[in-house]
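The values are calculated or read from the model by the stated rules, or taken from the named source; none is laboratory data. A quick note: this is a predicted structure, and the numbers were derived from the prediction, not measured. Counting neighbours? That spans all protein chains shown, and the Cβs are built from the backbone with ideal geometry, glycine included.
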Amino acid sequence: MPPRLPPMRWIPVALAALPACAGPATKPAPAPARPDATGAPDTPWWRHPQRLLQTNLREIDATMDVDLYLREVKAIGASVVLFNVGGIVANYPTDLPFHHRNPHLTGDLAGTVLARLHAAGLRMIGRFDFSKVNEAIAARHPDWLYVGENGETVNYNGQVHTCFNGLYQQERLFDILGEALDRLPLDGIFFNMPGYQRSDYSGVYHGICQSEACRRRFKMETGLDLPKRHDPKDPVCRRYDRFCAETTDALYARIQAFVRARRPGLAILNYKAAGSDIVRAESNRPWIQWSYEDTEKAMRHRLEHPEQPLANAAVHFIHYPQRHAGVSSVVTARRLQQAMLQGQWLDFYCIGPLQRLEDRLSIGVVRDAFAFHARHEAFFRDLQPRADVGLVHSRTDGYRGLFDALSEHHVTFDLASIGPSDLSAFPALAVPDAGRLDAASCRKLDAYVEGGGRLLLDGGIPEGLKAAGVKPGRTPHARSPGSYVRIRPEDRRMLRQPGLAALDLVFLDGDFAEVEPTDNAQGLLRHIPPAMFGPPEKCYYTAVSDAPGLVVNRHGKGACAAFPWDVGGHYARQKHAGHALLILGALEGALGLPRTMEVDASPLVEARHMAHAGGRFEWVGLINLTGQKDPAGFFEPVPVRDIAIRLRPRRDVASVRLLKAGMDIPLSRMDDGRIGCTVPKLGTYEVVVFTYKS
């Protein structure tokens, strides 16, 4: 069997600079800041969403047509280009003997392209890779090289892996960076495959580096002998893992200090957030495994790093061995659209210049997304999510199920964290895996509800949470086949979901905690203990317990609705409509959540709601998620027609315009202060802009 390929999710580090000069210079100066409407200096260019095109060049691409390259960059609508400059191959005439000059180079490719980009008003980030050196350099400097567990170096297509603690990565790296920064007025620097690389491109694992440099530094910093094999149960190996993280962070810190001293004012782009101004990521699987994965990635980034933009690359190729073949154009389009509707960078990455790309099926959708973004840049800057619900982030099935249910029913939400987030900003808060909340979290949630918040708990009810309205003590019931949750007529009236009219129960395939509500709390739903499920003649149950499946309690100025079982996890795993209706019923019925936005459309239409921080407009972004036949089958979305939107705007609205369709649509006003409109046709995506009266 061929070796199992490694995951493509490396942890590269990148550095991005501030505004470009108009042309080449040895000492580039940043462009002057532009005044905004108030006369204050504008924010740095990289804080605004950019359109990044990464053309990862091969050696042979030094012979490309530079004029055509520039025309293609401008035609596709990129504002920033990520361009190979140095490391494994120098695409400029380096004078350093340990920097391998591209054998196909006849001039200064990087310098020429950079000057042309700057003349066109575009920016360029230089790409570097110090994980390998050419075999001729490796032969002269064996002490720079990685040594595998078998005592051998790794030569992959003439490029030899370098040791992270060797002289090349610890010192010569700075010589190369210094030369490049002095010669080229780059707008950024990107590092590929940094840190401790233990596998090659074929997925062959070579283990912990056994070089003298690694053994010496590990001994010096820990007093321990370097392990020869990685065993996660071995405490020495666990210390080695911390050593790798510590030394990697130390090198990043040195690089950041070096670049900032050499080029004051540079912004740092990095796949690690610490010390960077912009964070980069990649969507590099051959297909979309979760419909909202790029939306969630952008939301999670905003939660964890609100001051740093995200540049998430939509990777063109399928995997390492299929570098010349692309993923479905529908996959690429969706990744770019979801990044755009979260106000983040649009980022497309392919191998080689566009003029030599042999699978060009995705180029049209990239050009479409880039051109749309360029025409309407002002509507994607300075955005704030309008969220009725704060969904507390976790990595559980319950979180995924809540995310899906809210998205499919077009409830506007954003991610939250109980610790650092300002919970009062959310009319309602949904907490997955709530049974594991600690005392500090319970205190903060109690205060949230007392102040008027609506709290939805899923996956258990913690001891000590007063707002839950549950008496001390829990009787746990482990997962038992044949269990259900009864939906009674009085439950339907409380939950107010029309779909529940056809449901008397939902299945229970997980743990259930039997709780007793306090005198002022109300118990809804009922637990049905394990029933017979075979043979068919015996498939019936004989008892329904008094244990509630949902507890609703008024507390202070707010209220809490708590599920003592994981309804969100059930929905994530099985997608039964009943579980989603219980989630929506708890929010809208039991907690009385007023909706800022309502969208009458299929669950296969993704709707996101954003507002301009400066109070000029708000918009509803729509993405058509139809067209997926099976896990790997992605086809053009089927048009969706007559999507009705009802909105409670922050300010009085003057007009409604469809940016993609390029047309205004009628606006209706309702007696309760809401407004309404209808999108006549949704193709792949649309942005419905509600412009406020001045």
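Taken over the range 506-535, residues that are hydrophobic (A, V, I, L, M, F, W, C) and either in contact with a helix residue (DSSP H, G or I) (Cβ under 6 Å, 6 or more places away or on another chain) or in contact (Cβ under 8 Å) with a residue 60 or more places away in the chain (or both) amount to 7.
Only one residue in R263, R238 is farther than 24 Å from P306 by Cα and touching a residue at least 12 places away in the same chain (Cβ under 8 Å). Which one? Of the residues listed, the single one that is farther than 24 Å from P306 by Cα and touching a residue at least 12 places away in the same chain (Cβ under 8 Å) is R263. Can you confirm whether E72 is under 22 Å from Q322 (Cα atoms), at pLDDT 95 or above, out of contact with any Asp or Glu (no Cβ under 9 Å at 6 or more places or on another chain) and not aliphatic (A, V, I, L, M)? Taking the combined requirement at face value, the residue does not satisfy it. Among the residues making up the range 520-568, those that are buried (at least 20 other Cβ atoms within 10 Å of the Cβ) and either touching a His at 6+ places or on another chain (Cβ under 6 Å) or in a loop (DSSP other than H, G, I, E, B) (or both) are A521, L525, A547, P548, G549, F563, P564, D566, V567.
Go through the range 362-401 residue by residue and tally those that are small (G, A, S) and closer than 24 Å to G453 by Cα.
Total satisfying the criteria: 5.
Residues are listed down the side, and each one gets a yes or a no for (1) buried (at least 23 other Cβ atoms within 10 Å of the Cβ); (2) without any contact (Cβ under 8 Å) to a residue 12 or more places away in the chain; (3) farther than 18 Å from L593 by Cβ; (4) not assigned by TED's automatic domain parsing to the domain that holds H570:
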site	(1), (2), (3), (4)
L402	yes, no, no, no
A405	yes, no, no, no
S417	no, no, yes, no
S424	no, no, no, no
A428	yes, no, no, no
R443	no, yes, yes, no
V449	yes, no, no, no
V470	yes, no, yes, no
H477	no, no, yes, no
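When the range 319-335 is filtered for residues that are in contact with a Lys or Arg (Cβ under 9 Å, 6 or more places away or on another chain) and hydrophobic (A, V, I, L, M, F, W, C), the ones remaining, listed by number, are V327, V331. E171 meets all of the listed conditions (1) crowded, with 22+ Cβ neighbours inside 10 Å; (2) without any contact (Cβ under 8 Å) to a residue 12 or more places away in the chain but one, namely (1). In the range 254-280, the residue that is modelled with the highest pLDDT out of those that are surrounded by fewer than 19 Cβ atoms within 10 Å (Cβ to Cβ) and in contact with an Asp or Glu (Cβ under 9 Å, 6 or more places away or on another chain) is R262. In the range 628-648, the qualifying residues are those that are in contact with a strand residue (DSSP E or B) (Cβ under 6 Å, 6 or more places away or on another chain) and surrounded by 16 or more Cβ atoms within 10 Å (Cβ to Cβ), and the one that is modelled with the lowest pLDDT is Q628.
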